[in-house]
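The block underneath contains the structure these notes are about, expressed in structure tokens.
The values are calculated or read from the model by the stated rules, or taken from the named source; none is laboratory data. Here the structure is a predicted model, which is why all the values come from computation and not from measurement. Here the Cβ positions follow ideal geometry from the backbone for every residue, glycine too, while neighbour counts run over all protein chains shown. For the accessible areas, the whole protein counts, side chains as well, though only heavy atoms, and no ligand, DNA or RNA atoms are used. Shrake-Rupley method; radii C 1.70, N 1.55, O 1.52, S 1.80 Å.
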Amino acid sequence: NIQPENLNDVALAFALYRPGPMNNIDLFLELRNHPEKITYPHPDLKPVLEETSGVMIYQEQTMSVSRIMAGLSPSEADTLRRAISKKKTDQISSLRTRFIEGAMSRHYSRLVAQETFDLIEKFASYGFNKSHSVVYALVAYQMAYLKAYYPLAFYRALLNNSLGKTDTTQRYIKGLKKLNTSSRI
């Protein structure tokens, strides 16, 4: 449904298909198709969330939002990300207080600070970092290219790497036969 047009779109698909961001796939698609509906927790966050249509998807975004809104240092923002991903409730509670107080000292309303922290907490729990997502996207692109233009070599490599794994080998042979019947080989 993303209908990727470039490598970043493929990376977004990998990052979206994680337990935290997955809940907002429909929202992301709606906003991507209707950019006039995009809203941000605060206009200051637009530069961080614009590439993902206003939806927090990448771990780096949660860290940037923490730095912008609450004035957390890079180290503190990473500590927050790690505490949330490891579900360290005591640490999260203390960092929540630090985040909200920091945001209020920077003239954000308590409500905006709380809502933003809730978004961070929701996505950081299972978020993916962008660098991993981009690397996965690059490998997927390369594999799709090889499968489309060099199917015999592609399947030969897959089969050689799956020796002794009957289920995997059968799945690859089925894929190869499907290509053969569509006269692509």
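Quick grid of which residues meet (1) acidic (Asp, Glu); (2) in contact (Cβ under 8 Å) with a residue 60 or more places away in the chain; (3) under 23 Å from ALA15 (Cα atoms):
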| site | (1), (2), (3) |
| --- | --- |
| GLY127 | no, yes, yes |
| LEU138 | no, yes, yes |
| MET143 | no, no, yes |
| PRO151 | no, no, no |
| LEU159 | no, no, no |
| SER162 | no, no, no |
| LYS165 | no, no, no |
| THR168 | no, no, no |
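Mind telling me which of the residues LEU138, LEU159 ends up being modelled with pLDDT of 90 or more, among the aliphatic types (A, V, I, L, M), more than 25 Å from ASN24 (Cα to Cα) and surrounded by fewer than 16 Cβ atoms within 10 Å (Cβ to Cβ)?
Only one candidate qualifies: LEU159.
Which residue pairs have Cβ atoms under 8 Å apart, sit 6 or more places apart or on different chains, and have a first residue in the range 1-21 that is within 19 Å of SER85 (Cβ to Cβ) and a second that is surrounded by fewer than 19 Cβ atoms within 10 Å (Cβ to Cβ) and of a type in the set (Lys, Arg)?
GLY20/LYS122
Check the range 66-89 and report whether any residue there is open to solvent by 70 Å² or more (accessible area, probe 1.4 Å), in contact (Cβ under 8 Å) with a residue 24 or more places away in the chain and of a type outside the set (Ser, Thr, Tyr).
yes
Taking interchain pairs and intrachain pairs at least six residues apart, which have beta carbon atoms under 6 angstrom, with the first residue in the range 98-109 and within 17 Å of MET63 (Cβ to Cβ) and surrounded by 19 or more Cβ atoms within 10 Å (Cβ to Cβ) and the second modelled with pLDDT under 95 and not aromatic (Phe, Trp, Tyr)?
none
Which one of MET56, MET63 is outside any helix (DSSP H, G or I) and under 24 Å from ASP9 (Cα atoms)?
Answer to the check: MET56.
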